[in-house]
Amino acid sequence: MLQEHVALKPFNTFGVAARTRWYAEVTSTTELSTLLADPRVAGLPVLVLGSGSNLLLTRDYDGLVVRYIDDHVRVIAPGRDSHLLEVGAGMNWHRFVDWSLAHGYVGLENLALIPGTIGAAPIQNIGAYGVEVERFINAVEVFDRERRCTTIFKHDFCEFAYRFSRFKRSDERNRYIVINLRFRLPRGAELHLDYPGIREELAAMQIASPTARDVFDAVVRIRRRKLPDPSVIGNAGSFFKNPIVPTAVANALLSTHAAAPNFDAGEGRRKLSAGWLIEQCGLKGYRDGAAGISAQHALVLVNHGNATGADLWRVAQHVQTCVRSRFAITLEPEPVVI
């Protein structure tokens, strides 16, 4: 179960070469508890990996990498209008979205083709095309590394926000390992079609009265057209969060760049487009050796073949510097950077 000096290149979608001191795959909390009690890894830092699609390794990892690979799905509380489902942390996210639609559930269709696993979804509070996953999360079951037991946290405990949850807090980031996610999924619900691009894609598909499956197909078409495929060129999807700024900051930007995309973020704040800011700096398609910015989408850092994690991080910092210099706005990375 426990392996030493394992290459991590197959386990990160950037495809960067790195190694971990220790590596293990587990399928149950019993195996996980036994692993963490092993004296060979006791006290070492622990990195939990799903598909490695939200990760940039800039160096070798001097600790333990764990992959929790349970991918079960079961209905635990059927209801008239919605069902409560439990899904194992190792389940591929896109495969689960497809499964949910095939079984008559709606709501997750806007989140199609997001790379990664179920276990990462609540940590990052993944979102796309106007929908965030927290809307459907009933509870998160975790393994508590301090107490060495499982705990179920209800939705409100998780402190969900834009690309954030309690599990990303600096004081608790390494304490909890997600093992199961509980979703409350409706049997019927209003479709979310107002995010830019969705209605246009449905029109191009000649669909006037879309179903949830149609929205799923439209999102897949958009994402495949706009975003590079990690199996073809190494990347981790959108690398920077869309910055949320006070309305006054957004208005100052709009006074000189009237076409700048911006969206209501509540409480006197606006959400700006990180991709637009990067494009305005002339960085779409930028390249520094084998590391660079995708020519398809300015938010995506890419590995053109043999870039190191340090090379990619240098490009990310260059982007931050350029955007900060021109717009006085600091972009924050979405992925975990080791």
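Quick check on Ile118: is it over 19 Å from Asn12 (Cα atoms), among the hydrophobic types (A, V, I, L, M, F, W, C) and either at pLDDT 95 or above or surrounded by fewer than 16 Cβ atoms within 10 Å (Cβ to Cβ) (or both)?
Working: over 19 Å from Asn12 (Cα atoms): no; among the hydrophobic types (A, V, I, L, M, F, W, C): yes; either at pLDDT 95 or above or surrounded by fewer than 16 Cβ atoms within 10 Å (Cβ to Cβ) (or both): yes.
No.
Just the residues that are in a helix (DSSP H, G or I) and closer than 23 Å to His257 by Cβ, please, taken from the range 317-338.
Initially, the range 317-338 is screened for residues in a helix (DSSP H, G or I), giving 317-327.
Once the filter is applied, which keeps residues that are in a helix (DSSP H, G or I) and closer than 23 Å to His257 by Cβ, the range 317-338 yields His318, Val319, Gln320, Thr321, Cys322, Val323, Arg324, Ser325, Arg326, Phe327.
Taking the criterion of being assigned to a strand (DSSP E or B), of a type outside the set (Gly, Ala, Ser) and at pLDDT 95 or above, would at least one residue in the range 155-175 satisfy it? Break it down stepwise before answering.
So in the range 155-175, the residues assigned to a strand (DSSP E or B) come out as 161, 164.
This time we only want the ones that are of a type outside the set (Gly, Ala, Ser), so: 164.
Filter once more, keeping what is at pLDDT 95 or above: none.
No, the range 155-175 contains no residue that is assigned to a strand (DSSP E or B), of a type outside the set (Gly, Ala, Ser) and at pLDDT 95 or above.
Would you confirm whether or not the range 151-161 contains a residue that is within 23 Å of Thr34 (Cβ to Cβ) and of a type outside the set (Gly, Ala, Ser)?
Of all residues in the range 151-161, those within 23 Å of Thr34 (Cβ to Cβ) come to 151-152.
Subsequent filtering for residues that are of a type outside the set (Gly, Ala, Ser) retains 151-152.
Looking for residues that are within 23 Å of Thr34 (Cβ to Cβ) and of a type outside the set (Gly, Ala, Ser), one finds at least one in the range 151-161, hence yes.
Would you tally the residues in the range 217-254 being more than 18 Å from the chain's Cα centre (by Cα), modelled with pLDDT of 95 or more and of a type outside the set (A, V, I, L, M)?
Summing the residues that are more than 18 Å from the chain's Cα centre (by Cα), modelled with pLDDT of 95 or more and of a type outside the set (A, V, I, L, M) in the range 217-254 gives 5.
Which residue pairs have Cβ atoms closer than 9 Å, lie 6 or more positions apart in sequence or on different chains, and pair a first residue in the range 155-175 that is crowded, with 16+ Cβ neighbours inside 10 Å with a second residue that is hydroxyl-bearing (Ser, Thr, Tyr) and not in a loop (DSSP other than H, G, I, E, B)?
From residues that are crowded, with 16+ Cβ neighbours inside 10 Å, the pairs are Arg166/Tyr176; Phe167/Tyr176.
Out of Asn251, Asn242, report the one residue that is polar (S, T, N, Q), buried (at least 19 other Cβ atoms within 10 Å of the Cβ) and not assigned by TED's automatic domain parsing to the domain that holds Ala77.
Values: Asn251 fails: buried (at least 19 other Cβ atoms within 10 Å of the Cβ).
Residue meeting the stated conditions: Asn242.
Six or more apart or on different chains, Cβ under 6 Å: which pairs go from a residue in the range 301-329 that's in contact (Cβ under 8 Å) with a residue 24 or more places away in the chain and surrounded by fewer than 16 Cβ atoms within 10 Å (Cβ to Cβ) to one that's part of a loop (DSSP other than H, G, I, E, B) and among the β-branched types (Val, Ile, Thr)? Could you list them?
Ala310/Thr58
For the range 47-68: of the residues being aliphatic (A, V, I, L, M) and within 19 Å of Glu4 (Cα to Cα), which is surrounded by the fewest Cβ atoms within 10 Å (Cβ to Cβ)?
Quick first cut of the range 47-68, residues aliphatic (A, V, I, L, M) only: 47-49, 55-57, 64-66.
Still in the running and within 19 Å of Glu4 (Cα to Cα): 47-49, 57, 64-66.
Numbers: Leu47: 20, Val48: 22, Leu49: 23, Leu57: 28, Leu64: 22, Val65: 24, Val66: 23.
Here the answer is Leu47.
The values are calculated or read from the model by the stated rules, or taken from the named source; none is laboratory data. Computed from a predicted structure; not experimentally measured. Cβ: placed from backbone, ideal geometry, glycine included. Neighbour counts: every protein chain shown.
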